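Quick notes on the structure that follows.
The values are calculated or read from the model by the stated rules, or taken from the named source; none is laboratory data. Keep in mind the model is a prediction, meaning the values are calculated, not measured. Ideal geometry is used to build each Cβ from the backbone, glycine not excepted, and the neighbour counts take in all protein chains shown. Note: areas computed on protein heavy atoms with side chains; ligands, DNA, RNA excluded. Shrake-Rupley method; radii C 1.70, N 1.55, O 1.52, S 1.80 Å.
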Amino acid sequence: MGRLDGKVAIVTGAGIGIGQAIARRYAAEGAHVWVTDINAGTAEATARGITEAGGQATPMRVDVSKGQDIMALVRSVTAAHGVADVLVNNAGILIRGEIRSLSDEEWTSLREVNLDGVLRLSRDCLPLLRKAKAPSIINISSIMANRGLRPLAAYTATKGAVTALTKGLAVEFSPFNVRVNAISPGYIETAITDRLLRLPKVR
């Protein structure tokens, strides 16, 4: 018996890294995990690993910056289960660069994935979450949300906004019995941080 037997969990950015580890753990605890990622191949690989280990998982390609992808996910989960117990907003991107050289397109990408995706998913999944007995939203922020780090000002701004949004959603969703929390990891060994640490220093 797992702690999450019979529960339905949606995890974004679950193809690799932190999201993949979360998806695997939730499945090991008995949840049916919707493994979503912008990369269909990695989502499918993660889901396949879960099912081969005896868990339950459904892979789906979802670009959290696209409203139509989010609504497609909501429709699919509704059709399959009619409810969601957990939403983990993990999907995120990191663009390294000084603000003085950051393009408008890069800033838009950071904002749309790291912040807008969290807001849209939380909003659009609320009807599914309200049907659960003890629903929860978990937003993956960053330790860098509370400190400056060169050359990641734009990235840290989006993560700081995620932390602030989490506080607001916790209050706004409380009448619906939906708990909303944020986790702020430090450096975890993932493809993103490995790439960041290997890049040359900015002068």
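Taking the stretch 96-132 as the range and being part of a loop (DSSP other than H, G, I, E, B) and in contact (Cβ under 8 Å) with a residue 12 or more places away in the chain as the test, the residues that pass are R96, G97, E98, L102, R130, K131, A132. What are the pairs with Cβ atoms under 8 angstrom where one residue, in the stretch 15-33, is without any contact (Cβ under 8 Å) to a residue 40 or more places away in the chain and the other, located anywhere, is open to solvent by 30 Å² or more (accessible area, probe 1.4 Å) and in a helix (DSSP H, G or I)? Sequence gap at least six, or different chains. Cβ pairs passing all conditions: G15/G41; G15/T42; G15/A45; Q20/T42; R24/G49; V33/Y26. The set of residues in the stretch 8-47 that are more than 21 Å from R123 (Cβ to Cβ), open to solvent by 10 Å² or more (accessible area, probe 1.4 Å) and either in contact with a Cys (Cβ under 7 Å, 6 or more places away or on another chain) or not in a helix (DSSP H, G or I) (or both) comprises I16, E29, G30, H32, N39. On the given criteria, is A57 in contact (Cβ under 8 Å) with a residue 60 or more places away in the chain and not in a helix (DSSP H, G or I)? When the stated conditions are applied, A57 does not pass them. If you go through the stretch 52-82 and keep only what is in contact with a strand residue (DSSP E or B) (Cβ under 6 Å, 6 or more places away or on another chain) and open to solvent by 30 Å² or more (accessible area, probe 1.4 Å), you end up with Q56, T58, P59, M60, H81.
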